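Trainee: Before I ask anything, let me first share the structure, which is written out below as C-alpha cells.
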Amino acid sequence: MKAVSLLQVIYSFFLGLVVLGLVAIGINTFHPQPRWPESDYEAGRLAQEAWSLNTSIILLVCATVILAVSLWRPARMAVISNGLLLGGIFTMIYAVGQSLGSGQGQIARFFVALAALLVTVGVGYLTFIRRTPSAESLPGGDEGEAGASGELGERVAALERRLEALGRALAE
C-alpha cells in the first residue's frame, strides 16, 4: 500500500472518530441526562431509562443522516466520504448501545436495533455493491514486474496487486 493510501485510511478513521465525538458532545449539550432526585430513586431510574431510549432514537437519526451524507461522494472527496461513513457506523453502534441502557420497552429497543440494521445494510448496499462495477473482478498487475523472481517474488507481486486493488476500492 502506498504511504498516501495508508495516510488516507488513517485520516478516514480519525474523521469517523471526530464525527462520533461531535455527535456525543452534541447529545450531552442539547439533550443532557436528567438529574436524579435525592429522595426518589425509582423516579430517577425511570427518567434515566426514558432518556436512554430517547437518546438512542436521536442517535439513530443522526447516524442515518451522516450515513446518507456519506453516500454523496464526488471522486475527489472519497476520503472524506469514507470518514463520514465510518462516523455514521460508529454513531450507529453508539445508538444501539444506548438503547441497551434503557430498561423501558423491549419492543422500542428492538425497533431501534432493527432500524440500525436496516439502515446499515441499505447504506452498505448503496456504497459497496451498487457503486462498484464488479465485485468479483480484481484488476491485475503486469506479469513481468522488475525485481520479482521465483515463487516468493510472484507471491509478493500478487499481494501488491491485491493491496492496490483494495486501495482503489477504498478510494472509490
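Trainee: By counting other Cβ atoms within 10 Å of each Cβ, how are Trp36, Trp51 ranked from fewest to most?
Mentor: Trp36, Trp51
Trainee: When N counts the residues of region 44-90, how does its alpha-carbon radius of gyration compare numerically with 2.2 N^0.38 Å, as a ratio?
Mentor: 1.56
Trainee: I'd like the FRET efficiency for Leu46 and Phe14, computed as 1/(1 + (r/R0)^6) with the beta carbon distance as r and R0 of 41 Å, rounded to 0.05.
Mentor: 0.60
Trainee: Return one quarter of the surface area of the convex hull spanned by the alpha-carbon atoms of region 1-56, equal to its mean projected area, in nm².
Mentor: The Cα convex hull of region 1-56, projected and averaged over all directions, gives 5.2 nm².
Trainee: Only sites in a loop by DSSP and with at most 12 other Cβ atoms within 10 Å count here; which trypsin sites (Lys or Arg not before Pro) in region 13-81 make the cut?
Mentor: Here the sparse-neighbourhood loop sites are Arg35.
Trainee: Give me Rg over Rh for region 1-117, both radii from the alpha carbons and Rh done the Kirkwood way, two decimal places.
Mentor: In region 1-117, Rg relative to Rh is 1.11.
Trainee: Looking at region 36-136, which GluC sites (Glu not before Pro) are in a loop (DSSP not H, G, I, E or B) and have at most 11 other Cβ atoms within 10 Å?
Mentor: Listed in order of number, the matching sites are Glu38, Glu136.
Only the coordinates and a few stated rules stand behind these numbers; no lab work does. Remember, it's a predicted structure, so these values are computed and weren't measured experimentally. Cβ atoms come from the backbone with ideal geometry, glycine included; neighbour counts cover every protein chain shown.
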